[in-house]
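First the structure, in the form of structure tokens, and then the observations on it.
The values are calculated or read from the model by the stated rules, or taken from the named source; none is laboratory data. Just so you know, these numbers come straight off a predicted model, no measurement behind them. Heads up, the Cβs are rebuilt from the backbone with ideal geometry, glycines too, and the neighbour counts pull from every protein chain shown. The accessibility values were calculated without ligands, DNA or RNA, using every heavy atom of the protein model including side chains. Shrake-Rupley method; radii C 1.70, N 1.55, O 1.52, S 1.80 Å.
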Amino acid sequence: MSRTRTALLAAMALVAGATGTAYAAVPGDVGAAAVPCTVNYQVQNQWDTGFTAAVTVTNLGAAKSSWAVKWSYAGNQRVTSGWNAKITQSGSNVTAANESYNGTLATGGSASFGFQGTYSGSNAIPATFTLDGVMCNVDSGGPTDPTDPTGPGDRVNNPYSGAKVYVNPEWSAKAAAESGGSRIANQPTGVWLDRIAAINGVNGGMGLRDHLDAALAQKGSGELVIQLVIYNLPGRDCSALASNGELGPTEIGRYKTEYIDPIAAILSDAKYAPLRIVTTVEIDSLPNLVTNTGSRATATPECDVMKANGNYVKGVGYALNKLGDVGNVYNYVDAGHHGWIGWDDNFGPSADVFHDAATAEGATPADVHGFITNTANYSTLKENNFTINDSVAGKSVRESKWVDWNRYVDELGFAQAFRNELVSTGFDTNIGMLIDTSRNGWGGTTRPAGPGATTSVDTYIEGGRYDRRIHIGNWCNQSGAGLGERPKTAPESGIDAYVWMKPPGESDGASKAIPNDEGKGFDRMCDPTYTGTPRNGNNLTGALPDAPVSGHWFSAQFQQLMRNAYPPLP
């Protein structure tokens, strides 16, 4: 893979004069028309037979309601797919015309698009570009020394290795404003793009470009990872209500053109090439197609719809394809948690669904750098007081009410085993796992110091387990939870990092119905008085009272997480 360079090339706007000579039209030249446009063409990523490129056109003339950029290749390059423009090719001639949503091009305004192509031999940068038939100046970039392993577009095996991780200023300020919060306000957390409006910022808050610009400022001369959560599938969270999204089950077109395409266009901006951009793709989505459909007791009509229409698979595949084309993006797909897909009838089928998504809508397994588990959940990292192989009073730990025949008792063991399963389905042997430890510490006075009594397998587990939830299916604002391991790089074999992808202090959902304009419903699993569903064994939910709408700041939860942190806070 090769890095890009930028070089300003003066494209010749040939103007026939009386003597038959030609000259370049340069802004400000006497007797020459001002150059009406500039085109920046960047080869972002290149390999033996293919490449990806990003193009930005800046309009210096009169405002436009539609536009078309054209160029010609000197070699045998062929465009195979594109985004944010309708791209066609005839012979060596390429035309990129606006989509319906980005046709307006104000004076001084810019539009960006990208594409993937093939080539053999050389991959020379086109010499000239036109905007609506008028030649532009060219700010052009292409590959440098293909043996140079250090530049943007060269993905490293573990993006967290040797890198700082972005501290979200908005979350940091909220944490610091809490009593005792300054102890963790400098920790890196994920930036959640949970609706289309979040791309440009909501209610005066930071948008995607704002965060990327802030990440560049934090980066300094070293490497820096910024963590983004891609979270807006059609029919999102089909088995829950607290974080239902803005897009209906059939709105896959809007997901592509209004959500993923604009994100990909921003991430492909050459300005952000120095960053390592980690995307965690669609939390709590694909496992629903295995566990909450068909004849299962946990099935919902909404999940049956999403399995039938295929829009979860299509959406994730499209996101992986488009985001994976950006050379400094590292895609990690959400892989649930051990208390969701750790059972025999969920484990292998979930891996198969992930592979289906990674081969949909133009994606390939090479677009997947790894997987993340326990995002926004509470499953403890490691249970030290018992193992899955223990037996008590003639019964296996698997027979206990808590474990309930699961193959795994904690997230670390599950993540390492599931990584092997994913490789066996066709993912690269070098994939890495992330584990979200933002809320799985379970410290404080209730943390057991050793195993429970051996009078029965249940007393043994109940007395010794760190995870103090009423049931492993409980997920909303859990009472007694604490901060887990601080973010850490390469802590265990196969684990790229422990991360705080879910920002501590942000609510999982409202404990009662609260009207809102964010498309978020009231889920009884966030109501502490509710006696549950088959997914949590018809138990109480264990949720904290007085919680706000999902994603909103929840001071009581934040204080609890600090109080029960394990390892403890200083």
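I'm checking my understanding of the structure. Among residues of the stretch 421-466 that are in contact (Cβ under 8 Å) with a residue 12 or more places away in the chain and open to solvent by 60 Å² or more (accessible area, probe 1.4 Å), which one is farthest from the chain's Cα centre (by Cα)?
T455
If I ask for residues that are assigned to a loop (DSSP other than H, G, I, E, B), under 27 Å from L381 (Cβ atoms) and of a type in the set (A, V, I, L, M), which ones from the stretch 515-570 would you list?
Answer for the stretch 515-570, where residues must be assigned to a loop (DSSP other than H, G, I, E, B), under 27 Å from L381 (Cβ atoms) and of a type in the set (A, V, I, L, M): L540, L544, A547, A565, L569.
Just to be sure I understand, how many residues within the stretch 221-230 are touching a residue at least 40 places away in the same chain (Cβ under 8 Å) and open to solvent by 10 Å² or more (accessible area, probe 1.4 Å)? Give the steps one after another, and end with the answer.
Kept after step one, since they are touching a residue at least 40 places away in the same chain (Cβ under 8 Å), are these residues of the stretch 221-230: 222-230.
Keeping just the survivors that are open to solvent by 10 Å² or more (accessible area, probe 1.4 Å) gives 222-223.
The total comes to 2.
Identify all residues within the stretch 83-102 that are surrounded by 13 or more Cβ atoms within 10 Å (Cβ to Cβ), modelled with pLDDT under 90 and not in a strand (DSSP E or B); write none if there are none.
Within the stretch 83-102, N84, N102 qualify.
Return only the number of the condition from (1) closer than 30 Å to G103 by Cβ; (2) touching a Pro at 6+ places or on another chain (Cβ under 9 Å); (3) not in a helix (DSSP H, G or I) that Q227 does not satisfy.
The failed condition is (1).
Let me confirm something: among R183, R209, which residue is touching a Pro at 6+ places or on another chain (Cβ under 8 Å) and surrounded by fewer than 18 Cβ atoms within 10 Å (Cβ to Cβ)? Step through it out loud before you land on a result.
Working: R209 fails: touching a Pro at 6+ places or on another chain (Cβ under 8 Å).
Checking each option against the conditions leaves just R183.
Looking only at the stretch 296-347, how many residues end up being closer than 23 Å to L422 by Cα, of a type in the set (D, E, K, R) and not in a loop (DSSP other than H, G, I, E, B)?
6
D410 fails exactly one of the following numbered conditions: (1) among the charged types (D, E, K, R); (2) surrounded by fewer than 16 Cβ atoms within 10 Å (Cβ to Cβ); (3) at pLDDT 95 or above. What is the number of that condition?
It is condition (2) that D410 fails.
Is it fair to say A547 is in contact with a Ser or Thr (Cβ under 8 Å, 6 or more places away or on another chain), among the hydrophobic types (A, V, I, L, M, F, W, C), within 24 Å of T300 (Cα to Cα) and touching a residue at least 40 places away in the same chain (Cβ under 8 Å)?
Working: in contact with a Ser or Thr (Cβ under 8 Å, 6 or more places away or on another chain): yes; among the hydrophobic types (A, V, I, L, M, F, W, C): yes; within 24 Å of T300 (Cα to Cα): no; touching a residue at least 40 places away in the same chain (Cβ under 8 Å): yes.
Here the answer is no, as A547 does not meet what is asked.
Give me the residue from the stretch 103-115 that is among the small types (G, A, S) and assigned to a strand (DSSP E or B) and, out of that set, surrounded by the fewest Cβ atoms within 10 Å (Cβ to Cβ).
Going residue by residue through the stretch 103-115, those that are among the small types (G, A, S) are 103, 106, 108-112, 114.
Next, from what is left, pick out any that are assigned to a strand (DSSP E or B): 110-112, 114.
Details: S110: 14, A111: 23, S112: 21, G114: 27.
Filtering first and then ranking leaves S110.
Just one of (1) open to solvent by less than 40 Å² (accessible area, probe 1.4 Å); (2) in contact with a strand residue (DSSP E or B) (Cβ under 8 Å, 6 or more places away or on another chain); (3) among the polar types (S, T, N, Q); (4) closer than 23 Å to Q416 by Cα trips up Q478, so point out which.
Going through the list (1) open to solvent by less than 40 Å² (accessible area, probe 1.4 Å); (2) in contact with a strand residue (DSSP E or B) (Cβ under 8 Å, 6 or more places away or on another chain); (3) among the polar types (S, T, N, Q); (4) closer than 23 Å to Q416 by Cα, Q478 breaks only (4).
Just a yes or no: is a residue in the stretch 278-290 open to solvent by 10 Å² or more (accessible area, probe 1.4 Å), within 28 Å of G432 (Cβ to Cβ) and in contact with a strand residue (DSSP E or B) (Cβ under 8 Å, 6 or more places away or on another chain)?
Just the residues of the stretch 278-290 that are open to solvent by 10 Å² or more (accessible area, probe 1.4 Å), to begin with: 284, 289-290.
With the extra rule that they be within 28 Å of G432 (Cβ to Cβ), the set shrinks to 284, 289-290.
Now drop any that are not in contact with a strand residue (DSSP E or B) (Cβ under 8 Å, 6 or more places away or on another chain), which leaves 284.
Scanning the stretch 278-290, I find at least one residue that is open to solvent by 10 Å² or more (accessible area, probe 1.4 Å), within 28 Å of G432 (Cβ to Cβ) and in contact with a strand residue (DSSP E or B) (Cβ under 8 Å, 6 or more places away or on another chain), so the answer is yes.
Would you mind finding the one in A198, A176, A264, A215 that is at pLDDT 95 or above, small (G, A, S), in a helix (DSSP H, G or I) and open to solvent by 20 Å² or more (accessible area, probe 1.4 Å)? Break it down stepwise before answering.
Working: A198 fails: open to solvent by 20 Å² or more (accessible area, probe 1.4 Å); A264 fails: open to solvent by 20 Å² or more (accessible area, probe 1.4 Å); A215 fails: open to solvent by 20 Å² or more (accessible area, probe 1.4 Å).
Result: A176 is the single residue among A198, A176, A264, A215 that is at pLDDT 95 or above, small (G, A, S), in a helix (DSSP H, G or I) and open to solvent by 20 Å² or more (accessible area, probe 1.4 Å).
Give the residues of the stretch 375-413 that are of a type in the set (D, E) and more than 26 Å from the chain's Cα centre (by Cα), sorted by residue number. Quick ask: steps written out before the conclusion?
Of all residues in the stretch 375-413, those of a type in the set (D, E) come to 383, 390, 399, 404, 410-411.
Answer for the stretch 375-413, where residues must be of a type in the set (D, E) and more than 26 Å from the chain's Cα centre (by Cα): E383, D390, E399, D404.
Assuming Y332 fulfils every condition listed in (1) at positive phi; (2) open to solvent by less than 10 Å² (accessible area, probe 1.4 Å) apart from one, which condition is it?
(1)
Take G245 and decide whether it is surrounded by fewer than 21 Cβ atoms within 10 Å (Cβ to Cβ) and either within 16 Å of the chain's Cα centre (by Cα) or of a type outside the set (A, V, I, L, M) (or both).
Numbers: surrounded by fewer than 21 Cβ atoms within 10 Å (Cβ to Cβ): no; either within 16 Å of the chain's Cα centre (by Cα) or of a type outside the set (A, V, I, L, M) (or both): yes.
Judged against the criteria, G245 is not a match.
List the residue pairs whose Cβ atoms are under 6 Å apart, where the first residue sits in the stretch 307-320 and is open to solvent by 30 Å² or more (accessible area, probe 1.4 Å) and basic (K, R), the second is in a helix (DSSP H, G or I) and at pLDDT 95 or above, and the two are 6 or more positions apart or on different chains.
K307/L289; K314/I252
Restricting the stretch 348-374 to residues that are assigned to a helix (DSSP H, G or I) and in contact with a strand residue (DSSP E or B) (Cβ under 7 Å, 6 or more places away or on another chain), which is surrounded by the fewest Cβ atoms within 10 Å (Cβ to Cβ)?
So the first thing to find is which residues in the stretch 348-374 are assigned to a helix (DSSP H, G or I), and the list is 348-357, 365-367.
Among the residues that remain, those that are also in contact with a strand residue (DSSP E or B) (Cβ under 7 Å, 6 or more places away or on another chain) are: 354, 367.
On the way: F354: 28, D367: 21.
Per the criteria, the residue is D367.
Tell me which of these S182 doesn't satisfy, since it passes every other one: (1) under 26 Å from N158 (Cα atoms); (2) not in a loop (DSSP other than H, G, I, E, B).
Checking S182 against (1) under 26 Å from N158 (Cα atoms); (2) not in a loop (DSSP other than H, G, I, E, B), the one that fails is (1).
Determine whether F386 is under 20 Å from V229 (Cβ atoms) and open to solvent by less than 10 Å² (accessible area, probe 1.4 Å). Walk me through it before giving the result.
Values: under 20 Å from V229 (Cβ atoms): no; open to solvent by less than 10 Å² (accessible area, probe 1.4 Å): yes.
Judged against the criteria, F386 is not a match.
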